[in-house]
Every structure is written in C-alpha cells, then in structure tokens.
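All remarks here apply to the structure that follows.
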Amino acid sequence: MGNTAEIVVSKEQTAGAQEAGATQVQKALSEILKSTPFRTSKQSQQLLQYIVDQTLAGHGERLKERVIGAEVFGRPPDYDTNDDPVVRARAAEVRKRLAQYYVSEGHGCSIRIEINPGSYHASFSDFPRSHANEPGIPESDQVHHEEPALVRQFEPPITVSGTKSASAVD
C-alpha cells in the first residue's frame, strides 16, 4: 500500500489547543481594551468583550441584535431594533476602533480580532511575526509588513467521463 502515516488527535489535545487559542485571544482582547482607541468608550469595550466571550464560548445564537441590545445595553428584551439602532451603531464604532488599533498600537499583534460588517460574530486571525528586528533600528521605528496566515483550500479531483483529472486551485 505504500508508506502512510496516520495522525490521531485526542479530544484532550484538541481541547488543549482550543484553550491555548482562547487564552491568546483573551490576552489580545485585554490589550485592545486598554488601547487608546478603546480606552475612552465603555460601550465599545463592553460590546467587544461580550462578542468575543460569546464567540469563544460557542454561543453564536446569542449574537443577535436584540439579544445584544438587552444583555449589553440594558434594553428590554422586546425593544424595537428599528427605533433604537444602538447595537448597529456601536458595532460600526467597534469596527472603526479596531481598524484604528491595528494601524497604530496593534500593528505588530500576532492575533487579530475582527467583526465583519453585517455580523456580530468575532473572527480571529493569526498574524505570524515573520520579520526579525532590523539591526540598529529601534522596534518602535521599524515598519512591519505582515500578511495574515492563509489556509489554502483545494477542490477534489473532477471526474470527467469516468476518469479523474487533477484540478488545481491557484
């Protein structure tokens, strides 16, 4: 059959990796909440904290506009989201503050937290620190051009008239 290696990952290893990832995200969140863009806005801090906590806990169903309005901003559970756009307005503000953070204080962060428009779910990206410090230039004066770590997805081979042909995705 050829040489094949099988990798078996236990539930404990998977849980450990998820816990380590969650710890890194919480550490990144802590730095964001202390940063200049977030320091002066309690509502932005509370919303980002809630969204990250609920996402990490796997409670995506709680990340709905009405639920967030009630739990984060103290609105009644049946409030009209059309009359009171507090969640949409604050989410847009959080997105703007996150962008400000990542172009200033957070430019070298290895974990990025984002909230995509049209959603209240957090996403987490791993940005490897691939550039070593340039000699003679202080860290604060260096320009870092880091790209996110990407996962390339491949499509399965395409079957044409009973034969398989390889399909590559560039």
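The values are calculated or read from the model by the stated rules, or taken from the named source; none is laboratory data. What you are looking at is a predicted structure, and each value in this text was computed from that prediction instead of being measured. Please note: Cβ atoms are built from the backbone with ideal geometry, for glycine as well, and neighbour counts cover all protein chains shown.
Listed values, structure above:
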item	result
Output for the stretch 56-84, where each listed residue is touching a Ser or Thr at 6+ places or on another chain (Cβ under 8 Å) and in contact (Cβ under 8 Å) with a residue 24 or more places away in the chain	Leu63, Glu65
Every residue from the stretch 66-91 that is closer than 15 Å to Gln46 by Cβ and part of a helix (DSSP H, G or I)	Val67, Ile68, Gly69, Ala70, Glu71, Val72, Phe73, Val86, Val87, Ala89, Arg90, Ala91
Hits in the stretch 49-58 (condition: out of contact with any Lys or Arg (no Cβ under 8 Å at 6 or more places or on another chain) and at pLDDT 95 or above)	Gln49, Tyr50, Ile51, Val52, Asp53
Candidate set: the stretch 100-126, residues that are of a type in the set (Gly, Ala, Ser) and either in contact (Cβ under 8 Å) with a residue 60 or more places away in the chain or closer than 17 Å to Val25 by Cα (or both); chosen: the one surrounded by the most Cβ atoms within 10 Å (Cβ to Cβ)	Ala122
